[in-house]
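The values are calculated or read from the model by the stated rules, or taken from the named source; none is laboratory data. The structure displayed is predicted, hence computed values, not measured ones. Cβ placement follows ideal geometry from the backbone for every residue including glycine, while neighbour counts extend to all protein chains displayed.
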Amino acid sequence: MIPSPPTPRPRRRPGLRRALEWVFAGGTGALAVLSALVFVAILAVMVHNSYPTILHYGPGFITGTVWDPVTDVYTGAYPFILGTLVTSAIALLLGVPISLGIAIFLSERVRGWIATTAAAGVELLAAIPSVVYGLWAFVVLVPFMRTSVEPALHTWLGGVPGLGTLFPATHSGTDVLTAGIILSVMLIPTVSAVSRESMAQVPGAQREAALALGATHWETTRTAVLPYARTGILGAIILGLGRALGETMAVLMTIGNSDAVPTSLFSQGQSIASAIANEFTNASPKEASALVEAAVLLMGITVLVNVIARLMVRGLFRAPEVRA
Amino acid sequence: MPGTVSIRRRVTDWTTYVLCLACVVFAIGILVIIVSSSVQHALPAFQGSGVGLFTRAEPLPCSYAPGGIPCNDFGGIEPVLEGTFYLMVLASAIAIPIGVLAGVFLSEYGRNPLGRTLSFLVDVLAGVPSIVVGLFIFSVVLWWQPTIVYSVISGGLALAVIMLPVVVRTTEESLKLVPQSTREAALALGIPRYRSILQIILPNGAGALVTGALLAVARAGGESAPLLLLELQPRIGFTGWTHSIVPIPLLVYLWGFTEPNANWQADAWAAAVTLIGIMLALSLCARFLLKRRLPGSGM
Amino acid sequence: MSTPDREMVQKPKGSNTGMWAAVAVVLIVIVVVVVGFEAGWFGKSSTNNNGTTPPPGPCTVPSGQSITGAGSTFVYPLMYTWETDYTASSVTYSSVGSGTGISDLASKTVDFAASDAPLSPAQQATDPNVVEMPESAGAVTIIYNLPGVPTLKFNGTVLADIYLGTITNWNSTQMQTLNPGVHLPDQSIVVVHRSDGSGTSFAFTEYLSAESSTWKSTVSYATSVVWPTGTGEKGNGGVSGYVQQTEYTIGYVDLEYALANGISYGSVLNPAGNYVLPSLNSTANAIKDFTGTLPAATDAKDWYNVTIENEPGAQDYPISTFTYLMSYQEMSTLGSSFTSQQADALISFWNWTIHTGQSYSGQLYYVPLPQNIVTSDEAELSAFTFNGAAVSHC
C-alpha cells in the first residue's frame, strides 16, 4: 500500500489567503501605477498651466524672441532655448572628447589598481553636487575666465572674420561660455563611465584578433573596440546631453541672467532651467504661463533625449564588420 | 618583415596614449582643484567656529559701519543640518516604501506589456529636470493649499518625486536578478506568492535595495533647484512642517551667492565641504555594499 | 496539492482583470484616506484663540499670533530688526525680492508683502483690493569696485549710458569729465543688475527713465526689465557681494548694504546741480521737498505715480525711494485659515512699525517717516476690515 502523503500543516482558510494575495498584488500594483502616473501628472499639470500661452502663440513660441516683463509680453522662449542649446553644445564639444579619452585610457590602456583608482577618482566628480560646482565656478572659474581666458580668446580669435564676432571685446566672465565649460566638467563622470561600460562589453576576442593581426593598442581600440561599442558610446553622449539640458544651479550662477538673446560666446543669457528658477516666483500670470510652456518644451526634449540614450545604451550590441 | 611596426604607427600609438592620459589627469586635476579650493575657502569658518560650526545657529547680521554688530563671528550651520534631516526623512518616508513596493510589483507581477509600460514611464520620470519637478509641486500645492507652498511638506514631496524612480529602478532590477528557480521552489512548497515575495525574494535582494535607497538619498540630498521655488529663503532652521526650511545645498547657494558678508560666505563653503563629505560617504557605502556582494546585490 | 495552491502556481491569464480591479479599489482607498488626513490635519494653520475673548482695558494685541510676510531685500536689514524686537506677535519676514513678495501676496501664500515698487496699474487691476502703505524710505546707492579710487561722481545720463552699454570703459571721456583729476583705470566696466523682480530695480530704472529718453524708450521701468547689458545677481545681497568681490564692477543697492560691507559708493548729480552722497539727511531732505499729493486714505491704493526722486532741494539725493507694506484691505481675502485675531496682530504690527519702529530706522540708514506720511498711514490703517468690520489694532 502506498503510504499516504504527510498531512499538510494547517493553513489559513483559502478565502483569506486569496484575499491577502489580491491585497498584496493590488496594493503594490496601485503603487506602481501611482509611480508611473507621476510623470503623466507632471505633463498634464504643466500643459494645463501653460494652456493660454500655447493657444495664443502656438508653435511660434519656439522662435519668438520677445521676453519683456515691462510690457508683460512674452512671444517666445527663443532666448532661453538658444541659451540652453549653446551651453549644452559647448558642454558636449569640450566634455565628450575628454570623457572618451578617459574611457579609452581606463578601459584599454591600463589595468589593475591604477585603472580602478583612477576610475574611482573620476567617479568622485559625480559625487560633487551641482550647487558646489556652481559656487566654485562663480568664485574661481568666472574670475579666471574674465581676467585670463576671455581676453586671450579675444586677442587670438577676435580678428578672425566670421568667427571673431563670437569673441567680442567686452567680457565679464559670467556668460554662456563659462556656463558651457562648467557643464562640460559635470558631464565627464557620466559620459566616461557609461562609455567605459560599453567598451567593457566588447568581447576580448575582438581585441585579441586585432592584436594578433599586428595592430598597435590604439589601432586595436580604433578598429575593434570603438566600432563595436559605438552605439553605447553614442548613448553615453546623449545621456550627458540630457544632464546638461536640465542642469539649473551651475548654469544659474555662471550664465549672467539676461533675458536678451545671446549674440556671442561672451553674452549673458539664460537657459530654460535657469529662467524658471530666476523668474517663476516673481512672475505675473502671463509670464508664469509662458515659463511653464518653456518648461514643457524642456521636459519634452530632455525626456526624449533620455529615452533615446537609454535605448542605445541598453540596446543590443550588434557586431559590426570589423575593418582590418 | 614580420614583427616590425612602422615609426608612424608607433608615434600615433604613443600620442594617443599621452592624450588619453592627459584627459584622465585633467579630470582628476579638476577634482583636486575643486575640493581643495572649497576647503581653502572654508578654512576661515572652520578655524573661526571649530566644531561649533555644526552645533551653533547662524551668526547675527553684522555690519562694518559704526554702531553695527561687529563682524567677527562665524556662527554655525546647525539649522541646515536639521533642515536636511527633516526634509530627507519626509522624502524618504514617502519615496522608499512606495518605490520598493512598486519595484516589487513590476518585477513579480509586471512581466507583461502593461507592466513594461509602467516601468518605462517610471524611467521617463527619472529624466525630468529637477526644476520642472519643483514647478510641478509648486503648482499642485498652490492649488491645493496655498499656505503650505513654502514648507517642509512641499519640499519633501518634490524630493520624493526625484527619489522615486531611482528606488523603483534599483528594486526592480535587483529582484529580477533573483533566479526564477527560487520563486518556483517557493511556490512548489506551497508558500503563497505574497509571502514568498516578502519572506524569500525580498531578503535575497536586500543588499541592492539598501544601495538603491542610499543612491536615492544621495541624489535628493544634493538637490537645490526645486527648493529654490519651494522654500521662502533666507529663513533657515526647522520651525514646523508647514514652515519653510533650508537644507545644506540651498544654504550653499544662499550664503555663497546672495550674501555679501565674507564670514557667511566662508560658512557657505564649509557647508559645501560638509555636503561633499556626506555625498562621498554615501557613495562609498553604496560602492562597499556592491563590492561585498551582499545577497542580491550581484550587479 | 489542494486546489488553491494549484491556482496560485498556474496564475491563469483571466485573473489579470481581477487584479487590476483590486488595484483600482486600493487606489480609491488611498485617495479617501489622504483626503481625510488632509481635512483633519490641515484644519487650522496657526495657533489662534478662537474661543477666548481678549480682556477689556488697555489695548492688547491677541497673544500667540503668527504672521508671515515676504518681499524687498532693500528693506530687509530694517525688517529683520523689527521682527526680532517686536514681541507682541511672531512676525516672519522672508527677504526674497519685491517681485516675489507681490506675487506671494497675490497668491495669498503670505499675509503681507514689502516692496520698494508700488503696484503697477496692471497689478492693481488684477488685485484691486490691495492697500499700500510706506513704512520707510531709503537711498538707492551706486556702488563700484575700483581699488584706490576715491569717491566718484555720477550723473543720470552717464549712468543710463553705462547700463545701456554705450559707455563701456571706466576711463571713458564721459566718466573722466565728471571726475577730473581722478585716475580711472583703463578697464571695461562690469555692469551688475538684478536677476530677480526687484523694487530697487524699479526705483533705479524709474530714475534712469527720467534721465535718459533712450532708456525710457528702449527699456523703461519695472521690477524686471530686459537689461541691455550686464550680469544679473540675486537680491541686494547678491549685487553687493558680487561688486565687493569683483573689480571694475558697478551696481545699485540700498545704502545699508554698502555701509555694512564697506563697499565704495558715489555721489549723484541732483536737479539743483549738486553732487550729493546718499545719506540719512539727503534722503530725508528729498522727502521733505516732496510736493506731490499723497493718495487719500480712502483710496490708499495708487502710489504708482508718487516718487521722491529728483526732488528740487539743494541737498536732496536724487535716487530716493519709499518702501511699502502691502496687504488686502478686506483681510479675509487672505484665506479661510486667516483669522480676525491674525488681522488684529498684523495691523498692530504695522502700527508699531510706523511709530515705535521708526526709532530703529536711523541706525540702519533708513529714513524715519515725517509726520505727514505717518498721519496718512494711520488713516490707511483704519481702512482695513475683516469680514466688513474694522480691524481693531493697538
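Please list, ordered by residue number, the helices (runs of 4 or more DSSP H) wholly in segment B:95-184 having 2 or more residues that are among the charged types (D, E, K, R) and either within 17 Å of B:SER224 (Cα to Cα) or at pLDDT below 95 (or both). Don't jump to the end; show me each part of the working.
Values: elements: B:113-126, B:130-144, B:152-177.
Qualifying helices (runs of 4 or more DSSP H): B:113-126, B:152-177.
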(message) Of everything in segment A:281-295, what is surrounded by fewer than 24 Cβ atoms within 10 Å (Cβ to Cβ) and more than 9 Å from chain C (Cβ to nearest Cβ)? Give them in sequence order.
(response) A:LYS286, A:SER289
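Could you identify the single residue in A:LEU265, A:LEU252 that is over 20 Å from A:VAL47 (Cα atoms) and either touching a Lys or Arg at 6+ places or on another chain (Cβ under 8 Å) or not in a helix (DSSP H, G or I) (or both)? Lay out the reasoning, then the answer.
Values: A:LEU252 fails: either touching a Lys or Arg at 6+ places or on another chain (Cβ under 8 Å) or not in a helix (DSSP H, G or I) (or both).
That would be A:LEU265, the only listed residue that is over 20 Å from A:VAL47 (Cα atoms) and either touching a Lys or Arg at 6+ places or on another chain (Cβ under 8 Å) or not in a helix (DSSP H, G or I) (or both).
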(message) Can you go through A:ALA212, A:ALA244 and tell me which one is of a type in the set (Gly, Ala, Ser) and touching a residue at least 12 places away in the same chain (Cβ under 8 Å)?
(response) A:ALA244
(request) Those residues that are at pLDDT below 90 and buried (at least 21 other Cβ atoms within 10 Å of the Cβ), I need them from segment A:75-118; list them, please. (result) A:GLY76, A:SER107, A:GLU108
(message) Pull out all pairs, ordered by first then second residue, where Cβ-Cβ is under 6 Å, the residues are six or more apart or on different chains, the first lies in segment B:23-39 and is at the interface with chain A (Cβ under 7 Å from one of its Cβ atoms) and in contact (Cβ under 8 Å) with a residue 24 or more places away in the chain, and the second is surrounded by 15 or more Cβ atoms within 10 Å (Cβ to Cβ) and not charged (D, E, K, R).
(response) B:SER38/B:TRP269; B:SER38/B:ALA272; B:SER38/B:VAL273
(request) Select from segment A:121-161 the residues that are in contact with a helix residue (DSSP H, G or I) (Cβ under 6 Å, 6 or more places away or on another chain) and of a type in the set (Gly, Ala, Ser) and list them in ascending order. (result) A:GLY121, A:ALA126, A:ALA127, A:SER130, A:GLY134, A:ALA137, A:GLY158
(request) Please work out which one of (1) away from chain B (no Cβ under 14 Å); (2) under 22 Å from the mean Cα position of the chain (by Cα) is the condition A:THR71 fails and give its number. (result) (2)
(message) Whether any residue in segment A:202-211 is within 25 Å of A:VAL122 (Cα to Cα), of a type outside the set (Phe, Trp, Tyr) and either touching a Lys or Arg at 6+ places or on another chain (Cβ under 7 Å) or within 11 Å of chain B (Cβ to nearest Cβ) (or both) is what I want to check.
(response) no
(request) Go through segment C:245-282 residue by residue and tally those that are small (Gly, Ala, Ser) and within 14 Å of chain B (Cβ to nearest Cβ). (result) 6
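Condition check: surrounded by fewer than 23 Cβ atoms within 10 Å (Cβ to Cβ), free of Cβ contacts under 8 Å to residues at least 24 places away in the same chain and touching a helix residue (DSSP H, G or I) at 6+ places or on another chain (Cβ under 6 Å). Does B:SER181 satisfy that? Before the answer, list the steps.
Values: surrounded by fewer than 23 Cβ atoms within 10 Å (Cβ to Cβ): yes; free of Cβ contacts under 8 Å to residues at least 24 places away in the same chain: yes; touching a helix residue (DSSP H, G or I) at 6+ places or on another chain (Cβ under 6 Å): no.
So B:SER181 does not fit the description; no.
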(message) Exactly one condition in (1) under 18 Å from the mean Cα position of the chain (by Cα); (2) more than 27 Å from A:ALA169 (Cα to Cα); (3) not basic (Lys, Arg) is false for A:THR87; which is it?
(response) (2)
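Results for (1) polar (S, T, N, Q); (2) touching a residue at least 60 places away in the same chain (Cβ under 8 Å); (3) over 30 Å from C:VAL306 (Cβ atoms), shown as yes or no for each residue.
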| residue | (1), (2), (3) |
| --- | --- |
| C:VAL131 | no, yes, no |
| C:LEU159 | no, yes, no |
| C:LEU164 | no, yes, no |
| C:ILE167 | no, no, yes |
| C:TRP170 | no, yes, yes |
| C:GLN174 | yes, no, yes |
| C:HIS183 | no, no, yes |
| C:PHE204 | no, yes, no |
(message) Condition check: surrounded by 21 or more Cβ atoms within 10 Å (Cβ to Cβ) and hydrophobic (A, V, I, L, M, F, W, C). Does B:ILE94 satisfy that?
(response) no
(request) Among the residues of segment C:212-232, count how many are under 26 Å from C:SER136 (Cβ atoms), touching a Ser or Thr at 6+ places or on another chain (Cβ under 6 Å) and touching a residue at least 24 places away in the same chain (Cβ under 8 Å). (result) 3
(message) Testing B:LEU87 on (1) crowded, with 20+ Cβ neighbours inside 10 Å; (2) away from chain A (no Cβ under 12 Å); (3) out of contact with any Gly (no Cβ under 7 Å at 6 or more places or on another chain); (4) modelled with pLDDT of 90 or more, one condition comes back false. Which one is that?
(response) (3)
(request) Sort out which residues of segment C:190-243 are more than 10 Å from every other protein chain (Cβ to nearest Cβ) and of a type in the set (D, E, K, R), and write them in order of number. (result) C:GLU206, C:GLU211, C:LYS216
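Being modelled with pLDDT under 85 and either touching a helix residue (DSSP H, G or I) at 6+ places or on another chain (Cβ under 6 Å) or away from chain A (no Cβ under 12 Å) (or both) is the requirement here; does B:CYS71 meet it?
yes
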(request) Would you mind listing the helices (runs of 4 or more DSSP H) fully within segment A:111-226 where at least 3 residues are within 26 Å of B:ARG219 (Cβ to Cβ) and of a type outside the set (D, E, K, R)? (result) A:112-127, A:130-136, A:176-201
(request) Give segment C:78-112 a look and list any residue that's surrounded by 24 or more Cβ atoms within 10 Å (Cβ to Cβ) and part of a helix (DSSP H, G or I), or say none. (result) C:LEU78, C:MET79, C:SER98, C:GLY99, C:THR100, C:GLY101, C:ILE102, C:SER103, C:ASP104, C:LEU105
(request) Return only the number of the condition from (1) within 23 Å of C:MET79 (Cα to Cα); (2) at pLDDT below 90; (3) not aliphatic (A, V, I, L, M) that C:SER320 does not satisfy. (result) (2)
(request) Please tell me if B:VAL80 is over 20 Å from the mean Cα position of the chain (by Cα), assigned to a helix (DSSP H, G or I), within 14 Å of chain A (Cβ to nearest Cβ) and not small (Gly, Ala, Ser). (result) no
(message) Regarding segment A:296-306, can at least one residue be identified that is at the interface with another protein chain (Cβ under 10 Å from one of its Cβ atoms) and within 27 Å of B:LEU254 (Cα to Cα)?
(response) yes
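Does B:VAL140 qualify as being among the β-branched types (Val, Ile, Thr), at the interface with chain A (Cβ under 8 Å from one of its Cβ atoms) and farther than 19 Å from B:VAL210 by Cβ? Spell out how you get there, then give the answer.
Numbers: among the β-branched types (Val, Ile, Thr): yes; at the interface with chain A (Cβ under 8 Å from one of its Cβ atoms): yes; farther than 19 Å from B:VAL210 by Cβ: yes.
When the stated conditions are applied, B:VAL140 passes them.
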(message) Among (1) within 12 Å of chain A (Cβ to nearest Cβ); (2) over 14 Å from the mean Cα position of the chain (by Cα), there is one condition B:LEU209 misses while meeting the rest; what is its number?
(response) (1)
(message) Looking at B:LEU229, B:LEU250, B:LEU215, can you tell me which residue is surrounded by fewer than 24 Cβ atoms within 10 Å (Cβ to Cβ) and farther than 24 Å from B:ASP123 by Cα?
(response) B:LEU229
(message) Whether any residue in segment A:218-238 is under 23 Å from the mean Cα position of the chain (by Cα) and within 10 Å of another protein chain (Cβ to nearest Cβ) is what I want to check.
(response) no
(request) Test B:LEU177 against the stated conditions and say whether it is closer than 19 Å to B:GLY115 by Cα and more than 13 Å from every other protein chain (Cβ to nearest Cβ). (result) yes
